[in-house]
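Visitor: Would you mind keeping the following structure in view while I ask a few things?
What follows draws every value from the coordinates through simple rules; no lab data is involved. Since the model is a prediction, treat every value here as computed from it, not as a measurement. Methodologically, a virtual Cβ is constructed for each residue, glycine included, from the backbone with ideal geometry; neighbour enumeration extends over all protein chains shown.
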Amino acid sequence: MSFRFNRALLCFEVRRKDSLSPTVARDLCVGLTTENMEMCKAVVRSYGTYWDHIRFRKGWATPAFQPRDVEKHFQESAEYVIRIRRHLDSVNPGMKMRMLDGTAQTYLQQATKEDVLNKPLFVNRLVHHTMQDAKGYVEGLSRQTVEDMISVMEKHRRVSTPPLRRLQDDLTAYRQGLRRR
């Protein structure tokens, strides 16, 4: 840990050594371009292949959740993933071969209805699995780095979402919770 005295705020700022720099945080919160939005759609489509699994198509099993249950979860996860990848590309430009959804399909096969009801946890786990391959985290990432990046993006998302929109989202989530019971 490092401590730094901030005279303007007359307080101490405590930062872990592995926490993100302000530049990285700013990179993660910049708006998405049209190209980034197309990449988000591709990641969401990749997540959607969960329902194409042979055990569901043949009727051997039923999915733990339906597409409508996770539509917003997938979109938010994809945005976080694309922001992280955009940052990684700015730090280390060049051609990269990436799995669109990493090991997310493995997580989705294990996820339960209760996991889906806890949106922040579901999104967090989905982003973590997307940033991994069979050997672990990719492109020099670590669990803590991804966690810090998600935290920064969640804070930015909360601040940048208008209060009325947040209220509407909360009301929709509440109503969906009532319908499921």
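Visitor: Taking θ = phi - 60°, what integer Hz values does the Karplus form 6.51 cos²θ - 1.76 cosθ + 1.60 yield along the stretch 87-97, in sequence order, with x for Gly and Pro?
Guide: After applying 6.51 cos²θ - 1.76 cosθ + 1.60, I find 5, 4, 5, 6, 6, 9, x, x, 6, 9, 9 Hz.
Visitor: Determine the sum of side-chain charges near Val43: Lys and Arg each +1, Asp and Glu each -1, restricted to other residues whose C-beta is under 12 angstrom from that of Val43.
Guide: Overall, the nearby charge balance is +1.
Visitor: With θ set to phi - 60°, apply the Karplus curve 6.51 cos²θ - 1.76 cosθ + 1.60 along the stretch 36-46 and write out the HN-Hα couplings as whole Hz, x wherever there is a Gly or Pro.
Guide: Calculated HN-Hα couplings, in order: 4, 5, 5, 5, 4, 4, 5, 5, 4, 4, 5 Hz.
Visitor: By count of other Cβ within 10 Å, fewest leading, how are Tyr137, Tyr107 ordered?
Guide: So the residues, fewest neighbours to most, are Tyr137, Tyr107.
Visitor: Where does the stretch 21-180 land on Rg/Rh, using Cα atoms and the Kirkwood Rh?
Guide: Rg divided by Rh gives 0.97.
Visitor: Using only alpha carbon positions, build the gyration tensor of the stretch 37-129, then give the equivalent ellipsoid semi-axes as the square roots of 5 times its eigenvalues, largest first, whole angstrom.
Guide: In descending order the semi-axes read 25, 15, 11 Å.
Visitor: Additional query: Quick check on my link table: of Lys72/Lys155; Lys41/Lys119; Lys58/Lys113; Lys96/Lys155; Lys119/Lys155; Lys58/Lys135, which ones sit more than 27 Å apart, alpha carbon to alpha carbon?
Guide: Lys96/Lys155; Lys58/Lys135
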